[in-house]
Amino acid sequence: MNEAAAYIKGQMTAAGFEAPRETFVERGSRVPNLEYTIPGTSRAGEIIVVGAHYYSYQGTPGADDNASGVAACIALGKSLRATPQPRTIRIVFFVNEEPPAFWTRDMGSWV
């Protein structure tokens, strides 16, 4: 998870984003959701959230539903970063979307 978070941070920083807002602590440990914001211009109070989870269940590859969503969010961030958007866009990379946190309030997307 730490390597995946470092990769995402590197890609988003290279695209011109500031350091992410890390929004999540579970059971005393930092398990960061990584949140990047493109401020809106004329309708900034309207927020579009696009997200993907960036890790997988222990012992399973994450390329099926995780890496493809992460790649899409990184690509979207890169393509929208330089173009002013009327609405605020938040690109969020979530943790805790697999068991045992799945379907609990510990899911990163819930937070």
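Rule-based calculations on the coordinates, nothing more; no lab input. Quick caveat: nothing in here was measured; it's all calculated off a predicted structure.
A compact table of results
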read-out	value
Long-range HN-HN contacts of residue 53 with modeled amide H, under 5 Å	94
Length released on extending from residue 43 to residue 22, taking residue separation times 0.36 nm less the Cα-Cα span	5.1 nm
Amide H within-cut-off set for residue 48, under 5 Å, with H built and near neighbours excluded	88, 89, 90
